[in-house]
1. Within the stretch 266-277, identify whether any single residue is of a type in the set (D, E, K, R) and over 18 Å from Met320 (Cα atoms), and answer yes or no.
2. Criterion first (assigned by TED's automatic domain parsing to the domain that holds Gly195, touching a Phe, Trp or Tyr at 6+ places or on another chain (Cβ under 7 Å) and surrounded by 15 or more Cβ atoms within 10 Å (Cβ to Cβ)) does Phe138 satisfy it?
3. For the subset of the stretch 1-35 comprising residues that are charged (D, E, K, R) and not in a loop (DSSP other than H, G, I, E, B), which member is surrounded by the fewest Cβ atoms within 10 Å (Cβ to Cβ)?
4. Can you tell me which of Thr22, Thr83 is in contact with a strand residue (DSSP E or B) (Cβ under 9 Å, 6 or more places away or on another chain), under 26 Å from Trp113 (Cβ atoms) and hydroxyl-bearing (Ser, Thr, Tyr)?
5. In the stretch 80-123, which residues are crowded, with 20+ Cβ neighbours inside 10 Å and hydrophobic (A, V, I, L, M, F, W, C)?
6. Sort through Gly32, Gly43 and tell me the only one that's within 24 Å of the chain's Cα centre (by Cα) and either over 21 Å from Ser256 (Cα atoms) or modelled with pLDDT under 95 (or both).
7. Just to verify a result, which residue in the stretch 402-427, among those that are among the basic types (Lys, Arg) and either in contact with a strand residue (DSSP E or B) (Cβ under 6 Å, 6 or more places away or on another chain) or not in a helix (DSSP H, G or I) (or both), is nearest to Gly181 (Cα to Cα)?
8. For Leu268, state whether it is crowded, with 17+ Cβ neighbours inside 10 Å and over 24 Å from Gly191 (Cα atoms).
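The values are calculated or read from the model by the stated rules, or taken from the named source; none is laboratory data. These figures come from a predicted structure and were not determined experimentally. Note that each Cβ is placed from the backbone with ideal geometry, even for glycine, and that neighbours are counted across all protein chains shown.
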Amino acid sequence: MCGIAGWYDNNTDMRSQGRVITRMSESISRRGPDDGGIFLDEGICLIHRRLAVIDIENGVQPMTKRQGGRVCTIVYNGELYNTPELKRELTENGCTFSTESDTEVVLTAYLFWGGACVDKLNGIFAFAVYDRDRRTLFLARDRVGVKPLFYSCYDKGLIFASEINCLLQNPRVRPVIGEQGLCEIFLIGPGRTPGQGIYKDVEELLPGECAFYDGERLFRRRYFTLEAMEHEDTPERSIEKVRELITDSIERQLVSDVPLCCFLSGGLDSSIISYTAGEYAKRHGSGPVDTYSIDYKDNDRYFRSSLFQPTPDSDFIGIMAEAIGSRHHYITLDNTELFKALRIAVDARDLPGMTDVDASLLLFCERIKQEHTVALSGECADELFGGYPWYHNRDVLFDDTFPWSRSTDIRRSILKKGFLPRGDEYVRQKYLDTCVHTEKLPSDSPVDKRMREMFSLNFYWFMQTLLDDKDPKEKQKEYKNGCFV
């Protein structure tokens, strides 16, 4: 994880804004504890905080490069999984490289292809490129929305950052929440309408979206959206293709110059990832992979089966760890620890979230970070592969509302009567907007149409909630003697 931020305003001398720029940088310092840098030019400031993973010595940012008479500077948060292929293609077209970092590959791709470079990138990313000669700023976010990118526009100015809190360090962005933001927090949260930044005048680039800013206007473009297509493969070919794609995806993410491990819950998703990582390690002679699982004190006494978790994880963790041949580590938490971590988990996320889920994940990652910098997990597989009950239970599948929040009654019970009178209408409209904009085929049966809608609801809503939850866990404060310091 890294952190990026920037401020573009041709009417502001950034050299006189040192205090504001420093506050912005410090607010995202936990995202990038290894290094930090600031680029200043007329009317432009770019900020970077780095967690070093690949080419530790040479991947310093902001990174500036000259090519073909153009000079551009990038701040980048992410990982590029097709670095070798892109680097080879760019080299064949006359581009040269001075580092092994994926940052330079992304910057060179922009210098060569311009905004169309996003169509070439296979990875998770949020980045900004400033073109010195054209005086334009280019922003981009990955197709799935793994890496966050918030921004705020004002008259002839734009501020962007990996986190909302970073934006709020700039006096141009005020922490004002209107009726729309309150509806998001109380009636939709912990989900969030795509692109909604909760605060007034704060927005977020959508997954699969990029934008140009010319000093006056922001031009946004969707370069990736979900498309409805006929599935023509046989079941056998479908199985083989999924196997190929998953294996390729996992192995591309195992490239790292720092210690790497896997989450292992014993479920299908993390087990597949951990097993594939283990086999990869064996082939490359790098020794057994480290795997981690989480448990809770007295969980064996209090566990209750549910549709989401019919059996406890512990039934399968040992079986998988033995099959993988991993060095497995158990991390056990108790309720006191979770309670003390609730507030800091909200602070880490910048918004109210998933309470104990956020707190437990934060503590889990804090323990893992003592030994490993990078971890692979099976997050969001249920959204992509239909693992939730609402994909299979007909009554829930065809219930005409968000499946994970089928009523606002409980939420309204904590609010004063009459508060947010249009809230239910707001939630309903957000749901309908997603369904209406879901692409369908004329040949789809009623079930097929509804399954496509359900997939969109999960992809653009529930999955984004989990990605929001996962993003800040590397930036927790140090935890000692039962409290954060």
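1. No, that holds for no residue.
2. So Phe138 passes the test.
3. Across the stretch 1-35, the extreme among qualifying residues is Arg19.
4. Step by step, each of Thr22, Thr83 is checked, and only Thr83 is in contact with a strand residue (DSSP E or B) (Cβ under 9 Å, 6 or more places away or on another chain), under 26 Å from Trp113 (Cβ atoms) and hydroxyl-bearing (Ser, Thr, Tyr).
5. Within the stretch 80-123, Leu80, Leu86, Leu90, Val105, Val106, Leu107, Ala109, Leu111, Cys117, Val118, Leu121 qualify.
6. Gly32
7. Taking the candidates together, the pick is Arg422.
8. The answer is no for Leu268.
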